[in-house]
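Below is one structure, written out as structure tokens; the observations come after it.
The values are calculated or read from the model by the stated rules, or taken from the named source; none is laboratory data. Note that the structure is predicted; figures quoted are calculated from it, not measured. Cβ: placed from backbone, ideal geometry, glycine included. Neighbour counts: every protein chain shown.
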């Protein structure tokens, strides 16, 4: 393999590694555990269901989903809440 080709390959590998590292860090920083609570009407007083999307990517759901809801988010550190 000649020197110029070696430099091109090394540059491509370094570029990909940098992209992968930045992408992974951005994913880790912006992951959130999300709690959605559903209510029976616009007054948001009677809870009828919920959905939780956990830091590890799994979800839990119970009750009824409606058009009336609130969303709360908590930052994740890896697969757990910070």
Would you be able to tell me the number of residues in the range 39-54 that are outside any loop (DSSP other than H, G, I, E, B) and over 14 Å from the mean Cα position of the chain (by Cα)?
-> 6
Selection status of residue 57, without any contact (Cβ under 8 Å) to a residue 60 or more places away in the chain and either surrounded by 16 or more Cβ atoms within 10 Å (Cβ to Cβ) or in a strand (DSSP E or B) (or both) | no
Just to be sure, is residue 36 part of a strand (DSSP E or B) and either surrounded by 10 or more Cβ atoms within 10 Å (Cβ to Cβ) or modelled with pLDDT of 95 or more (or both)?
-> yes
